[in-house]
1. Examine region 265-276 for a residue that is out of contact with any strand residue (DSSP E or B) (no Cβ under 8 Å at 6 or more places or on another chain), assigned to a helix (DSSP H, G or I), within 23 Å of E66 (Cα to Cα) and small (G, A, S), and state whether such a residue exists.
2. Whether any residue in region 47-55 is in contact (Cβ under 8 Å) with a residue 24 or more places away in the chain and within 30 Å of T283 (Cβ to Cβ) is what I want to check.
3. How do the pairs read when you match residues in region 333-358 that are closer than 18 Å to Q272 by Cβ and in the same structural domain as Q268 (by TED's automatic domain parsing) with residues anywhere that are acidic (D, E) and at pLDDT below 95, using Cβ under 7 Å and keeping only pairs 6 or more apart or on different chains?
4. For region 277-322, give me the residue count where each residue is surrounded by fewer than 20 Cβ atoms within 10 Å (Cβ to Cβ) and touching a Ser or Thr at 6+ places or on another chain (Cβ under 7 Å).
5. Give E275, E266, E251 a once-over and let me know the one that is in the same structural domain as R356 (by TED's automatic domain parsing) and without any contact (Cβ under 8 Å) to a residue 60 or more places away in the chain.
6. For the list (1) out of contact with any Asp or Glu (no Cβ under 9 Å at 6 or more places or on another chain); (2) acidic (D, E); (3) modelled with pLDDT of 95 or more, I need the number of the one condition that E308 fails.
7. If you take just the strands (runs of 3 or more DSSP E) that sit entirely in region 1-89, which of them hold at least 1 residues that are farther than 17 Å from W107 by Cβ, modelled with pLDDT under 90 and assigned by TED's automatic domain parsing to the domain that holds C111?
8. Taking region 274-332, which residues are β-branched (V, I, T) and within 22 Å of T186 (Cα to Cα)?
Amino acid sequence: MMDSGIEANSNHDSSGYDVRVTDAAKNGDTFVYVIKSQQISSDTEYRVEREFEDFEWLHHCLLTQEGVTGLHGIIFPPLPVKPGTYMSNSEAKTKKKIESLIMVDDWQMYCRALEEYLHLVTAHPVLIKNPAVHSFLKHRKPLTKTKVKKGIFNKLTQAMDELRKEHHKDIDEFFQNGRDNNVTLTAFTKAAAEKFLDIVLTEQKIAIACGHFSTALHLGIGQDDDPADYAFAKMCLKLSEVINTVKKNFENVAENGINTLGFNLELQSRFQDAEKEMLFRRTCKLVDVETANRNLGQAKPHKKAAMEDIKKAADREFDEISGMAKMEIQRYHRERVRAFQKALIELSDSQLQTARECCVVLNQQLTEFKQLF
């Protein structure tokens, strides 16, 4: 299984875990994913079965943990969207094609997406310390989960906050540029993912057409004993084999694209959204700091001390978030470039290997085709 994620496999050792999502089985209306993990310092391998709701519980635990300095400045690894999740028309328009990149038969690519999520979590120097991560990977018994509420009022509140704070001017040029770049890069990444998927889908359609043509050549052969008809039949059979080889080549080319650059683009698209969420959390805290400053300036004498404490607490938390956010952005963009380079190399290598294998078969079939005459 190729890894086109933000962290290379070589970095997984620092997490202390080697994690694999090996299988998915349908259990009623849900899917159960088999997760095998092993601590690098131990020979013990853990095997657990988790549903998607368990992944949501883990993600919620990471987002809401307490006592972590600068937690809101972390770019949390994005959890893949649950299959069949309802989206609004505007969301579906931009995400439907992108998410299709990881949805193939037998859920293999979706298992890989979940596996990459766990790799990213266990490779993160802060998130790996959360006890929920170790519980998720080790405990075979069902997890004690608190259902994450996603009511309409929460969505309305979030939408109002975004409208009010999303375009708030930042006091730090580094973060203002980061927000502007995120908007641009998000649009480019999603557009690239959609266009690349169009290419993959076209390759798959050509493969299907080649399959129909190959079958038609094979089935259209008559049973006449006439020598001319017999020679034509042999030619059609050989041509059918050639077209079938072309079909397999297009199938392999499409699969190579999905497994390498397609997987990376889909992951990067979700990571851009995760970075945007982190930058928005920091902007919200910036608004809180500015509000605290205004309240302190307008406070009456007997409330000055209390307002001063609130201002100091807001400043301290904002500085902690900003410090963490700056490190996270630098780390993320460094690894993003590295992962994209890796995906391009893997795509080139796999396509070159596929082309060589196809060339060998076609040359052999060309020789056999010439011998018919």
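The values are calculated or read from the model by the stated rules, or taken from the named source; none is laboratory data. Just so you know, these numbers come straight off a predicted model, no measurement behind them. So basically every Cβ, Gly included, is an ideal-geometry build from the backbone, and we count neighbours across all protein chains shown.
1. Among the residues of region 265-276, at least one is out of contact with any strand residue (DSSP E or B) (no Cβ under 8 Å at 6 or more places or on another chain), assigned to a helix (DSSP H, G or I), within 23 Å of E66 (Cα to Cα) and small (G, A, S), which makes the answer yes.
2. So far as region 47-55 goes, yes, one or more of its residues are in contact (Cβ under 8 Å) with a residue 24 or more places away in the chain and within 30 Å of T283 (Cβ to Cβ).
3. Correct list of pairs: E335/E7.
4. Number satisfying all stated conditions: 1.
5. Unique residue meeting the criteria: E251.
6. Failing condition for E308: (3).
7. Hits in region 1-89: 17-27, 30-39.
8. Listed by number, the residues that qualify are T283, I329.
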